[in-house]
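Once you've had a glance at the structure underneath, I'll fire off some questions.
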Amino acid sequence: MDDTDRAIINALQGGFPLSEEPYREVAAGLGLSEAELIARLERMLKDKILTRFGPMFQVERMGGAFVLAALAVPEERFDAVAEQVNALPEVAHNYRREHVLNMWFVLATETPEGIARAVDRIEAVTGLKVHAFPKEREYFVEMRLKA
């Protein structure tokens, strides 16, 4: 990662323009071409410097639903189950925890009823019980990490 990559990361946290050509607008502010900005973002994603680049939506305001869910996965099946879970489009991300419930993931669906369908599908595919934890209240924590 060089100084330009750091400048891109710092510039893109918490404010991406809503315009016809947002990449061109951001690139101009950084003294880059649009193509160079996009190429650098693609490289940082490919190299896992960035794990994700995209908008964060409040899906409930659009009629959808989010839920935090967990599985108790036998250690010898962890990688295979992670692959099965990650293959579903409703799974936003998943991660390992040192706990009986060792695989946690977020489900995001277009409708609240979609959560139950996704849970049923995961249980059918993995043969494991999904523990769903619906959101009781929401907090906004703005986190910016200086690169």
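Just to check your reading of the model, which residue among A28, A35 is surrounded by 13 or more Cβ atoms within 10 Å (Cβ to Cβ) and small (G, A, S)?
A28
Looking only at region 72-81, decide whether some residue is of a type in the set (A, V, I, L, M), surrounded by 11 or more Cβ atoms within 10 Å (Cβ to Cβ), out of contact with any Gly (no Cβ under 8 Å at 6 or more places or on another chain) and closer than 26 Å to G15 by Cα.
no
Now a separate question. What is the residue count in region 53-71 for residues that are surrounded by 14 or more Cβ atoms within 10 Å (Cβ to Cβ) and part of a helix (DSSP H, G or I)?
1
Mind counting the residues in region 8-52 that are without any contact (Cβ under 8 Å) to a residue 24 or more places away in the chain, part of a helix (DSSP H, G or I) and of a type outside the set (F, W, Y)?
The qualifying residues number 17.
Any residue that is at pLDDT 90 or above, touching a strand residue (DSSP E or B) at 6+ places or on another chain (Cβ under 8 Å) and of a type in the set (D, E) - is there at least one of those in region 36-50?
No, there is no match, as no residue in region 36-50 is at pLDDT 90 or above, touching a strand residue (DSSP E or B) at 6+ places or on another chain (Cβ under 8 Å) and of a type in the set (D, E).
Quickly run through region 83-103 and pick out the residues that are in a strand (DSSP E or B), under 17 Å from A65 (Cα atoms) and at pLDDT 90 or above.
V91
Checking M1 against (1) in contact (Cβ under 8 Å) with a residue 12 or more places away in the chain; (2) in a loop (DSSP other than H, G, I, E, B); (3) under 30 Å from K129 (Cβ atoms); (4) not basic (K, R), only one condition comes out false. Which one?
The number of the failed condition is (3).
The values are calculated or read from the model by the stated rules, or taken from the named source; none is laboratory data. None of these values were measured; they are calculated from a predicted model. No Cβ is skipped: glycine too gets one built from the backbone with ideal geometry, and neighbour counts run over all protein chains shown.
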